[in-house]
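First comes the structure, then the notes that go with it.
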Amino acid sequence: MGIMDKLRAELIDIVEWIDDSQHTLVWRFPRFHNQIKNGAQLIVRPGQTAILVSHGKLADVFGPGRYSLETKNIPVLSTLLGWKHGFDSPFKAEVYFVNTTRITDLKWGTPNPVIVRDPDFGPVRVRAFGTYSLRAVDPKTLLSELVGTDSVFEADEISEWLRSMINMAFADVMAESGISVIDLARHYVDLSDTVRAAVQERIDDEYGLELPKLNIVNVSVPAEVEKALDARTSMGVVGDMNQYQTFQIANSIPDAAKNPAGGIAGAGLGVGMGMAMAGPMMNSAMPSAPMSPIATPPPLPPARAWHFAQNGESTGPFSDAQLLDAIRSGSLGRDMLVWCAGMANWMEAARVPELAQHFPAEPPPLP
């Protein structure tokens with residue numbers, strides 16, 4: 001420093017700290033050769049603590065207020081008598097300001113996955129991240145254990161160390177919690193408090209620091225585990241697989257009716273699918289009743305396969321139900337030719353005994 005710095009230091013007698021950095025924990029008041037004048041005014045604001053270090057030892061601690069410092073440093077007039085020391089007073093004193101307010105919005109996260117034993121899925125790798133706040137509660141311990149002679153001590157200088165402490169505590173808490181990854185979200189508050197308490201036990205008495213708050217924002221699992229969880233959730237949403245299959249069949253009937261084959265083929269397919277799903281739907285709709293022994297029914301007669309002539313071509317085969325449905329819908333007229341096994345030749349549909357009764361009766365000729 002030059003002669004102007006020395007003269008400025010001799011004339012300034014107010015020792016104070018106005019912090020706007022937000023993350024500074026400790027700040028040393030700059031003074032030429034650490035010479036604090038006798039009678040200097042020390043101003044300590046709310047949220048600060050001042051520590052006087054004299055002759056390399058912690059001399060006193062000052063809370064918020066205004067103080068008059070009595071040191072062995074000599075004022076300007078007496079300093080001029082110290083030529084043999086080269087204007088350097090042999091009596092040194094330093095003032096350290098410690099920020100005792102809460103430093104917030106500090107972030108932590110697990111750099112590597114933590115393996116936990118999930119009660120439902122077995123060993124699972126999880127990652128977590130969150131925020132925490134920091135505050136100095138024992139300035140003397142903080143100064144002697146972490147700061148030393150550093151003129152400015154930021155919270156970032158111990159952030160890596162604190163994050164490692166949080167990660168260790170998080171791994172221990174997760175191993176002992178026994179909570180499934182499915183239920184972790186609703187336990188974030190309890191887990192956060194437990195992790196904070198575990199970290200606090202390790203830093204309170206030893207370093208003079210406190211973690212007033214620690215939050216777990218998210219705990220995530222690998223992508224493959226997320227897919228398995230999604231599949232399990234889907235199964236839970238579906239519920240009864242038989243009812244779900246019936247629902248799927250019912251939804252597919254309109255699409256089947258729009259089959260490019262057109263005409264009676266689409267209608268017949270829709271009827272067949274409707275009959276296929278009728279059994280399961282009726283069984284699910286009717287209340288269960290105790291089973292009673294019944295006689296074994298005889299084998300069903302073989303189903304007939306009908307063919308009909310449409311646009312000069314034979315179309316089929318169709319079941320009885322499909323053919324009857326075509327008659328009701330008007331797709332099969334009374335004068336259209338039909339044939340099935342056992343018939344000698346093609347016949348008009350209205351002349352076949354099995355089908356004639358399903359056509360509306362025709363009135364007799366008018367007189």
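Key figures
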read-out	value
Subset of the range 336-366 [of a type outside the set (A, V, I, L, M, F, W, C), closer than 16 Å to A321 by Cα and either part of a loop (DSSP other than H, G, I, E, B) or touching a Lys or Arg at 6+ places or on another chain (Cβ under 7 Å) (or both)]	Q357, H358
Counted residues, the range 125-155 - those being assigned to a helix (DSSP H, G or I) and among the basic types (K, R)	1
Some residue of the range 162-175 being in contact with an Asp or Glu (Cβ under 8 Å, 6 or more places away or on another chain) and β-branched (V, I, T)	no
When residues of the range 315-359 are limited to those that are polar (S, T, N, Q) and in contact (Cβ under 8 Å) with a residue 24 or more places away in the chain, the one surrounded by the fewest Cβ atoms within 10 Å (Cβ to Cβ)	S329
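Throughout, read-outs are computed from the coordinates displayed, never taken from laboratory work. Owing to the predicted nature of the structure, the values given are computational and were not obtained by experimental measurement. Counting neighbours? That spans all protein chains shown, and the Cβs are built from the backbone with ideal geometry, glycine included.
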